[in-house]
């Protein structure tokens, strides 16, 4: 299952829910991605798609400076999994892929 597209993510952290938007795409056969949330755009590193599993790392500065590791499972247009920041407890991650309009619908 390809992760390509735009995903609306919700991360349930101990300090509250964080909403973010992830964008994944293949560029010359290499999966790339960014996440926008908390007023910042963050490039994803170590992005790996393996069947229905997707993992990546990202560093954020808001609301705290953290290095995060994500591991999610894709099922159709939804994803579920976890985000970890070092030794902190894992946070639940859920997401829904946005329906991209092609401009041919009426």
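The values are calculated or read from the model by the stated rules, or taken from the named source; none is laboratory data. Bear in mind the structure is a predicted one, so any value in this text is a computation, not a measurement. Positions of Cβ are generated from backbone atoms using ideal geometry, with glycine treated the same way; all protein chains shown enter the neighbour counts.
Worth a mention:
- Taken over the stretch 7-19, the criterion of being in a strand (DSSP E or B) and over 15 Å from residue 72 (Cα atoms) is satisfied by 13, 16, 17, 18, 19.
- Restricting the stretch 28-40 to residues that are under 22 Å from residue 18 (Cα atoms) and over 12 Å from the mean Cα position of the chain (by Cα) leaves a set whose member that is modelled with the highest pLDDT is 40.
- Residue within the stretch 58-67 that is within 10 Å of the chain's Cα centre (by Cα) and closer than 23 Å to residue 100 by Cα present: no
- Residues satisfying the stated conditions in the stretch 51-75, i.e. assigned to a loop (DSSP other than H, G, I, E, B) and either within 20 Å of residue 16 (Cβ to Cβ) or in contact with a strand residue (DSSP E or B) (Cβ under 8 Å, 6 or more places away or on another chain) (or both): 52, 61, 62, 63, 64, 65
- Subset of the stretch 38-50 (residues that are without any contact (Cβ under 8 Å) to a residue 40 or more places away in the chain, on the phi < 0 side of the Ramachandran plot and touching a strand residue (DSSP E or B) at 6+ places or on another chain (Cβ under 6 Å)): 41, 42, 43, 44, 45, 47, 48
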